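A quick write-up on the structure given underneath.
The values are calculated or read from the model by the stated rules, or taken from the named source; none is laboratory data. These numbers come from a predicted model, not from an experiment. Here the Cβ is made from the backbone with ideal geometry for all residues, glycine too, and neighbour counts use every protein chain on show. Protein only, heavy atoms only, side chains kept; ligands, DNA and RNA dropped before computing areas. Shrake-Rupley method; radii C 1.70, N 1.55, O 1.52, S 1.80 Å.
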Amino acid sequence: MSKNNKPSSRISPMLQNVARPFLRWYASRPEQFDRYHNKLGPIVNGTYRDYTLECRANYSCPCDEEGVRRQGSILVKNVLETETADRLSSTMSERIDADPNSVQESTSKLMRSVHKPVRSLGKEVIDIFHNPTLDQRIREYFGCYYRIEWLSCYRSLPTQEVSHAWLWHSDNVPCDTLKVMLHLTDAGEQQGATRFMSLDDTSAYYRAGYRGSRKQRLEDLSSFASKNGLPHRPFHHDAKAGDVMLFLNNALHKAVPPQHDHRDVLNYLLIPNPIPWHQQLAIDGIDAIDSNPGGYPDNPRPSSVHRNQAA
């Protein structure tokens, strides 16, 4: 779901309405998915791709095609000390207990949320991007600087009744975006580690008809794979408290309930940027990323005011 807080610069709204049926058909073609790894079509993807190239033009770090772009997900270890992650998880418990609105009814058996994570947990959840290894891997993915578009914070709970993100799906976000997950608790196979399919396998499932849309989500893809002669090789990363995972959330993936206790994570959406993330944050302020998690801007460019300040 997009955030329409910035106008698209590639085509007028009237023309978009006229062209929408054709664009939906065009975007659903497997070759378009192979190119962008989403179903959004050439307008949004073209806007993001043009913007990314603009950001790269004034930056000397080349894009690393062998890292996240090829593997789909990687784990950066020990970004936070274990003691810090444990303390933040304890603070989450306090915030969840104090906030009766920390959950939506539709996911009440699956999770609890902490609203405004930076205000609730402290600036340490943002300062992870000062970690030189993490920062370098992210800039290698984008081939330029980046900014934090939003972050969310939630606790997964043990349950047998799964739905929503706990089924195999693709987030269907524009190309040249990146999801980051900070683990505040261990997340191994029995502890709610996220399951992934590779980008190649995702494309194969897409061609066979499984696209992970909201109306077509399954908890287990083994039968679909067998019926269509596809490989079935989901995988996960054994994360420890303080580890950070970078992943392309257009690859098929699913959340998994922990078998006991709980799993605490923060999710961040990153977007290319012409200046470093901390400089952009100083311009935008904490509330810009802390108050409205989810979705993506139709146009990823900062506002004209921010561009003038960045220049």
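A few remarks follow.
- Out-of-range pairs (alpha-carbon distance over 24 Å; input Lys39/Lys116; Lys77/Lys254; Lys39/Lys123; Lys116/Lys215; Lys77/Lys215): Lys39/Lys116; Lys39/Lys123; Lys116/Lys215; Lys77/Lys215
- Between His130 and Arg70, full extension at 0.36 nm per residue minus the direct alpha carbon distance yields a gain of 19.1 nm.
- Remark: the range 215-295 carries 42 Å² of accessible area per residue (probe radius 1.4 Å; ligands, DNA and RNA excluded).
- Each listed q (0.19 Å⁻¹) maps to a log10 I(q)/I(0) for the range 124-218 from the Debye sum over equal C-alpha point scatterers, namely -1.24.
- Per residue, the solvent-accessible area of the range 63-185 (1.4 Å probe, heavy atoms of protein chains only, all protein chains present) comes to 44 Å².
- Solvent-accessible area, 1.4 Å probe, carbon plus sulfur percent, for the range 155-214: 42
- Listed by chain and number, the aspartates and glutamates whose alpha-carbon sits under 15 Å from that of Lys179, ignoring those within fewer than 8 places in the same chain, are Asp135, Glu140, Glu149, Asp171, Asp243.
- Within the range 181-223, trypsin sites (Lys or Arg not before Pro) in DSSP loop having at most 10 other beta-carbon neighbours inside 10 Å: Arg214, Lys215
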